[in-house]
Amino acid sequence: MPRIEALKPENVPADSKPTLDVFSKNIGFTPNMMATFATSPIAFNAWAALFGGMNKALDVKTRDSIGLVVSEVNGCNYCLTVHSYTAKHMAKLEDNEIILARKGHASDSKRDVAVQFARKVIETRGKVSDADLAAVRAAGYSDANILEIVGLVAMYSLTNFINNVSDPDKDFPPVTPAGMI
């Protein structure tokens, strides 16, 4: 049972409605997470702006892989269902790639380094080592890319925290619990 209820369409604040309508149109329905998040136009619109900007960072497979590892580390089952679905259907990742990403890896060597780095950023709260930075640079990521990885970690953590606090009803296919992958 949700700890903060998803809003019914008629109860969405006017300042959240345009943003929620865009997401709902693009997705094809209104996910419970967004209908909950829209309760605060300030938080929701700030997140949407961050999401829109970060959606241009790196490539979709790397973004979704980072979303999976961050959600796994943060224990956000709702986000794991969303990212597993989008990774499969939008990023075209195979099931084994989704599992690898949740574990902090990827079969593609460059993406593997980015996912490992993202995991280190979330686990160390950004206090990565010089060796971690050297490894991500050696894989071909620029300093701008490194900052994009950190930005993605922060953005996905925000949605993880919102969903862990509010606990919306799941509206994407369930995933295997972390202890079983």
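Condition first: surrounded by fewer than 19 Cβ atoms within 10 Å (Cβ to Cβ) and part of a helix (DSSP H, G or I). Can you find one or more residues in region 101-109 that meet it?
Step one: of region 101-109, the residues surrounded by fewer than 19 Cβ atoms within 10 Å (Cβ to Cβ) are 103, 105, 107-109.
Next, only the ones that are part of a helix (DSSP H, G or I) stay: 109.
Within region 101-109, one or more residues are surrounded by fewer than 19 Cβ atoms within 10 Å (Cβ to Cβ) and part of a helix (DSSP H, G or I).
Rundown of residues vs (1) acidic (Asp, Glu); (2) touching a strand residue (DSSP E or B) at 6+ places or on another chain (Cβ under 9 Å); (3) not assigned by TED's automatic domain parsing to the domain that holds residue 115, yes/no style:
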{"site": "18", "(1), (2), (3)": "no, no, yes"}
{"site": "24", "(1), (2), (3)": "no, no, yes"}
{"site": "33", "(1), (2), (3)": "no, no, yes"}
{"site": "64", "(1), (2), (3)": "yes, no, no"}
{"site": "84", "(1), (2), (3)": "no, no, no"}
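Any residue in region 146-171 that's over 10 Å from residue 79 (Cβ atoms): show its pairings with residues that are crowded, with 21+ Cβ neighbours inside 10 Å and among the β-branched types (Val, Ile, Thr) at Cβ separation under 6 Å, as long as the two are six or more apart or on different chains.
Matching pairs, first to second residue: 146/136; 150/121; 152/66; 153/70; 153/121; 153/122; 166/36; 168/36.
Would you be able to say whether some residue in region 2-16 is in contact with a Cys (Cβ under 7 Å, 6 or more places away or on another chain), at pLDDT 95 or above and closer than 17 Å to residue 158 by Cβ?
Scanning region 2-16, I find no residue that is in contact with a Cys (Cβ under 7 Å, 6 or more places away or on another chain), at pLDDT 95 or above and closer than 17 Å to residue 158 by Cβ, so the answer is no.
Inspect all residues belonging to region 30-51 and state whether any of them is among the hydroxyl-bearing types (Ser, Thr, Tyr) and either in contact with an Asp or Glu (Cβ under 8 Å, 6 or more places away or on another chain) or on the phi > 0 side of the Ramachandran plot (or both).
Within region 30-51, one or more residues are among the hydroxyl-bearing types (Ser, Thr, Tyr) and either in contact with an Asp or Glu (Cβ under 8 Å, 6 or more places away or on another chain) or on the phi > 0 side of the Ramachandran plot (or both).
Of all residues in region 76-95, how many are within 12 Å of the chain's Cα centre (by Cα) and part of a loop (DSSP other than H, G, I, E, B)?
Here is the first cut: in region 76-95, the residues within 12 Å of the chain's Cα centre (by Cα) are 76-87.
Applying the additional criterion that residues be part of a loop (DSSP other than H, G, I, E, B) yields 76.
Matching residues across region 76-95 total 1.
Of the residues 166, 157, only one is within 25 Å of residue 52 (Cβ to Cβ), touching a Lys or Arg at 6+ places or on another chain (Cβ under 7 Å) and surrounded by fewer than 22 Cβ atoms within 10 Å (Cβ to Cβ); which? It would help to see each step written out before you state the result.
Details: 157 fails: touching a Lys or Arg at 6+ places or on another chain (Cβ under 7 Å).
Answer to the check: 166.
The values are calculated or read from the model by the stated rules, or taken from the named source; none is laboratory data. Computed from a predicted structure; not experimentally measured. Ideal geometry is used to build each Cβ from the backbone, glycine not excepted, and the neighbour counts take in all protein chains shown.
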